[in-house]
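Visitor: Handing you a structure now.
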Amino acid sequence: MRIALVFGMVAIAALTVSGCGTDTAPVATSAPTSTTSTFTDATGEVPTDNEPKSGEASTGAALTVTDIRVGRQEGFDRVVFALGGTGTPGWRVAYTDRAVQDGSGKTVDVAGSSILEVRILGSVYPFDSTVPAYSGPDPVTDPGVPGITGVYKTLVYEGVTQSFVGVDADRPPFAVTALTNPPRLVVDIATQ
């Protein structure tokens with residue numbers, strides 16, 4: 001009887017352990033900190049205009065920037081803001097003459113010929129989304145993407161994450177796309 005009980009407990013433990021770490025089971029990971037990728041899941045079309053772009057966040061969106069990546073595609077450079085939390089982001093993206101932080105009014109020194117201001121709507125502080133915020137380099141740069149001189153400061157203020165992208169060209173065309181699973185905001189900037 002005792003042997004049967006021990007055998008039963010071992011069998012249950014083996015079944016429990018065998019379900020852990022398989023290739024099909026989701027694995028919890030910390031926020032990624034990579035800065036480069038090919039980002040092939042956005043539209044892939046070369047942007048055609050440099051007019052301001054906007055989109056609305058989903059109702060109840062509560063998102064935090066968890067990673068920032070830059071990469072090069074044929075005809076354009078790409079900036080990806082990976083997001084954690086709930087909902088889908090909205091955005092307001094436009095060129096600006098000066099990089100000025102919301103709330104504080106401090107000027108951010110951004111390298112390059114142009115400054116693209118990215119405002120991610122539906123943002124919350126990390127303690128509200130319970131998602132660790134991006135804590136990587138500031139600015140994010142990649143020598144393989146010389147058209148982007150840096151992605152600067154992701155600060156949350158009154159439901160908006162503000163960031164600045166330094167561009168080494170005179171206000172080239174850009175496009176903005178929101179992706180899901182996981183949520184991301186993608187900014188493509190035409191290379192000239």
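Visitor: With just the Cα atoms of the stretch 64-185, tell me how far they stretch along each of the three principal axes, in Å, largest first.
Guide: Principal-axis extents of the Cα atoms in the stretch 64-185, largest first: 37, 34, 23 Å.
Visitor: How much accessible area does Lys106 have with a 1.4 Å probe, in Å² rounded to the nearest 10?
Guide: In the full protein context, Lys106 sits at about 130 Å².
Visitor: Related question: Please work out how much accessible surface Ile148 shows to a 1.4 Å probe, ignoring ligands, DNA and RNA, in Å² rounded to 10.
Guide: 10 Å²
Visitor: Quantify, in whole percent, the carbon and sulfur part of the accessible surface of the stretch 143-192 (1.4 Å probe; protein heavy atoms only).
Guide: That fraction is 50 percent.
Visitor: Continuing with the same structure: Apply the Karplus parameterisation 6.51 cos²θ - 1.76 cosθ + 1.60, with θ equal to phi minus 60°, to every residue of the stretch 96-110 and state each ³J(HN,Hα) to the nearest whole Hz, in sequence, with x for glycine and proline.
Guide: Along the stretch 96-110, the couplings run 9, 7, 9, 8, 10, 5, 4, x, 8, x, 6, 8, 9, 7, 10 Hz.
Visitor: Then there's this: Figure the gain on full extension for Asp102 and Asp49 (residue separation times 0.36 nm, minus the Cα-Cα span) and round it to one decimal in nm.
Guide: 16.5 nm
Visitor: Here is a follow-up. Quick check: the distance between the Cα centres of the stretch 74-120 and the stretch 129-192, to the nearest angstrom?
Guide: 6 Å
Visitor: How big is the charge dipole of the stretch 85-177 about its Cα centre, in debye rounded to the nearest 20, if each Lys and Arg gets +1 on its Cβ and each Asp and Glu gets -1 on its Cβ?
Guide: 120 debye
The values are calculated or read from the model by the stated rules, or taken from the named source; none is laboratory data. In this text the structure is predicted, and so the values were computed from the model without any measurement. Note: ideal-geometry Cβ built from the backbone for every residue, glycine included; neighbour counts use all protein chains shown. Surface areas here come from the heavy atoms of the whole protein model, side chains and all, with no ligands, DNA or RNA. Shrake-Rupley method; radii C 1.70, N 1.55, O 1.52, S 1.80 Å.
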